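What follows is a single structure, written as C-alpha cells, with notes after it.
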Amino acid sequence: MKKEILMVHHYGGIGGGTISFIDLIESMDLENYNLTVLIPISSPFLKKYLIKNKNITILEVDYIPTLPFYSGGPKYIFSFNNLKNYFLISKLKSKITKIIVDSNPDILLVNSMTLSWLALMIKEKNLKTICFNRETYIESKLGIRKMIIQKLLSYFDKVIFISQYDLKKSYRVKSNKSVIYDKVSTFISDKENVLKTKNNNDNINYILYLGGHNKIKGPLVVYKLAKKIKENTKILFVGKEKNYLDKLKFNYKKIWDFNNIITLYLFINKSKIKDKIIFEESNFNLENLFLKSKIIIFPSIHPHQARPIYEAGLYSCVPIVTNFENTNEFVKHNQSGFTFEKNNVNELYNQIEYVLDPRNENHVNSIIKNNKIKMSKNHHIKLLPFEIKKILNDFDILKEEECVKV
C-alpha cells in the first residue's frame, strides 16, 4: 500500500527554494508514495509545473505565513514585518493545521525552516515530520531568534540541512539531523562543447546575476559594478523586465523602502549604466543565459545559500561570491572560484578583470574544472533520488524497530 506524503512550500515566486522544491518532487519515488503538495494560491509558475504531473494532488491556501528568523530576514525581532508575520501565523495556524490533518499524510515534509512553527501545531498528531532547512540562522547578540527556531526544529523527526556549516550551528536541535546538499540540473551539462559555446558568442563578456532586487543578494552592489565595467562587458540582470530602466518610479507610500533606494540610485546613474546591463525576467529555464555567461556573481550582503556556486560549476562559469564563513564550504578562493569582501565593489571588479584577462586563461580554466568536479561530487541532481529514498526508508526501519520492541 502506498504511503501518503504531504509537502508544504510557502513561496509563490521563482527562487532557489522553489527550484529545490521541484527537485525534491522529481526525485520522489511515486511508485511507492502518493504525493500531495500544499502551496499558496499566488504560485502561478509552480502550479503550472505541478499540473503537468497527474500523479500529484495540489492543495491551495490563500497564504502560508512564515517565521522569518534567518540571515537576511527582518533585522529586529519586533520589527513591523516580524509583527505582521506573528499576527498571520496566529490568524491562519488553525486553518492550515486542519488542512494538514484532514489530508491524513504518513509523512509531512516542509521546505523551509521558516515553516518550523508547523511542527508545534501538529506534534500531537502522530505524523512523521521532515524539515528541509534551506536557510542560515540569523546571528545577533542574544541569539534569541536562533534559540526559538532550533527549539521549533526539535519538534520534527528529521531536519535536513544544505550545508555542514548549518548542521554544526544546530547543536540545540534535538531531531535526527543530516545534510543533503542542494542540487542542480540541466539538459546539456555533460556535453563537452559548453566552453566552446561560450567562446562563440558576440564578443561580449557576459556576467550573470540572478538575485533581482532581493536586498540580501546585493543588487545595489551590482548596479555600482555596472558603472565600472568596460564597454565589452555586460551584466545579465535576472529578476526585472527588459525595459525596467524606462519604468522607474518611487513608491511614496513606503518612502524608506529598499526599492526606493535602488530607484533613486538608478535615476542618478541611469546614463552611466543603461548600456552595461541587460534585464531578464525570472523563469524556470535560464539555460541560454548560463551558456552565454563567463562569470556568475553573487554579491550577497548577508550569509545565504550558495546555489550560484553549484550552477557555475554546472555551466562552466567562474563563480565570484561574497566571502562568508558559510559559503567557504563550497568555494575555495583562487582554487574553485573567487571571493571578495562584502560590499567591496572594487575588489569584485578586480576579480572580474582577472578572469577576463587572456593571460590568466590556464588558471581560470583550472578553477572552472575544480568547481565542476565539486559540483558533480556533491550537487548533481542524479544523487538526489538516492538521498531522498534513504531518509524516507529510515522511517520504515524505525517503525519496524518499534514493532519489534512492542
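The values are calculated or read from the model by the stated rules, or taken from the named source; none is laboratory data. Being a predicted model, the structure only gives us computed values, none of them experimental. Using ideal geometry, Cβ is built from the backbone for each residue, glycine included, and neighbour counts are taken over all protein chains shown.
Pull out all pairs, ordered by first then second residue, where Cβ-Cβ is under 9 Å, the residues are six or more apart or on different chains, the first lies in the range 84-113 and is without any contact (Cβ under 8 Å) to a residue 24 or more places away in the chain, and the second is aliphatic (A, V, I, L, M).
Asn85/Leu67; Tyr86/Leu67; Ser94/Met121
Could you please let me know if Arg172 is surrounded by 15 or more Cβ atoms within 10 Å (Cβ to Cβ) and at pLDDT below 95? Outline the logic, then answer.
Values: surrounded by 15 or more Cβ atoms within 10 Å (Cβ to Cβ): no; at pLDDT below 95: yes.
The answer is no for Arg172.
What's the number of the condition Ile278 fails, among (1) within 19 Å of the chain's Cα centre (by Cα); (2) in contact (Cβ under 8 Å) with a residue 40 or more places away in the chain?
The one condition Ile278 does not meet is (1).
Looking at the range 295-308 only, could you name the residues that are modelled with pLDDT under 95, crowded, with 24+ Cβ neighbours inside 10 Å and hydrophobic (A, V, I, L, M, F, W, C)?
Result: Ala306, single match.
Being outside any loop (DSSP other than H, G, I, E, B), closer than 30 Å to Lys215 by Cβ and in contact with a strand residue (DSSP E or B) (Cβ under 7 Å, 6 or more places away or on another chain) narrows it down to one residue among Ile89, Ile99, Ile39; which is it? Reasoning before the result, please.
Values: Ile89 fails: in contact with a strand residue (DSSP E or B) (Cβ under 7 Å, 6 or more places away or on another chain); Ile99 fails: closer than 30 Å to Lys215 by Cβ.
One residue alone meets the criteria, Ile39.
Just to verify a result, which residue in the range 32-90, among those that are basic (Lys, Arg) and within 23 Å of Pro105 (Cα to Cα), is modelled with the lowest pLDDT?
Taking the range 32-90 first, the residues basic (Lys, Arg) are 47-48, 52, 54, 75, 84.
Among the residues that remain, those that are also within 23 Å of Pro105 (Cα to Cα) are: 47, 52, 54.
Details: Lys47: 87, Lys52: 82, Lys54: 74.
If we take residues in the range 32-90 being basic (Lys, Arg) and within 23 Å of Pro105 (Cα to Cα), then Lys54 is modelled with the lowest pLDDT.
Of all residues in the range 324-373 being modelled with pLDDT under 95 and touching a Ser or Thr at 6+ places or on another chain (Cβ under 6 Å), which is surrounded by the most Cβ atoms within 10 Å (Cβ to Cβ)?
Ranking the candidates gives Asn326 first.
Give just the number: which of (1) part of a helix (DSSP H, G or I); (2) at pLDDT 95 or above; (3) surrounded by fewer than 15 Cβ atoms within 10 Å (Cβ to Cβ) does Lys382 not satisfy?
Among (1) part of a helix (DSSP H, G or I); (2) at pLDDT 95 or above; (3) surrounded by fewer than 15 Cβ atoms within 10 Å (Cβ to Cβ), the lone unmet condition for Lys382 is (2).
Residues checked against (1) touching a strand residue (DSSP E or B) at 6+ places or on another chain (Cβ under 8 Å); (2) within 28 Å of Asn214 (Cβ to Cβ); (3) surrounded by fewer than 20 Cβ atoms within 10 Å (Cβ to Cβ):
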{"site": "Thr18", "(1), (2), (3)": "no, yes, no"}
{"site": "Tyr33", "(1), (2), (3)": "yes, no, yes"}
{"site": "Ile64", "(1), (2), (3)": "yes, yes, no"}
{"site": "Asn111", "(1), (2), (3)": "yes, yes, no"}
